[in-house]
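First the structure, in the form of structure tokens, and then the observations on it.
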Amino acid sequence: MIKVEPPRNEDLHGNVPDQSSVALLLIDVINTLDFPGNEEIVECVIPMARRIAALRDRAAACGIPTIYINDIRLTQLNVDLGRNHA
């Protein structure tokens, strides 16, 4: 396999290409798992984290950028979008 690196964006310290036709999206993998009933999930965390890290490393070896996407609840940010006004 030939690795082709796209040009790097200097504003992001060379960590992100300016363009990429593919990317690895890691969605909701950053989580404190601090909630009632988390016991079953917590047992799987280390094996899952190792698999995700291996996937990320394989993507990086091929020049594919990784994008982390996490769900942030608006209530956590104290954001009011104009709903439920009295």
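Can you find a residue that is modelled with pLDDT of 90 or more and small (G, A, S) anywhere in the stretch 23-40?
Let us first name the residues in the stretch 23-40 that are modelled with pLDDT of 90 or more, namely 23-26.
Applying the additional criterion that residues be small (G, A, S) yields 23.
Yes, the stretch 23-40 contains a residue that is modelled with pLDDT of 90 or more and small (G, A, S).
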Is there any pair linking a residue in the stretch 20-46 that is within 25 Å of C62 (Cα to Cα) to one that is basic (K, R) and assigned to a loop (DSSP other than H, G, I, E, B), with Cβ under 6 Å and at least six apart or on different chains, and which?
none
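The values are calculated or read from the model by the stated rules, or taken from the named source; none is laboratory data. All figures in this text were calculated on a predicted structure; none of them were measured in a lab. A quick note on method: Cβ atoms are made from the backbone with ideal geometry, for glycine too, and the neighbour counts reach across all protein chains shown.
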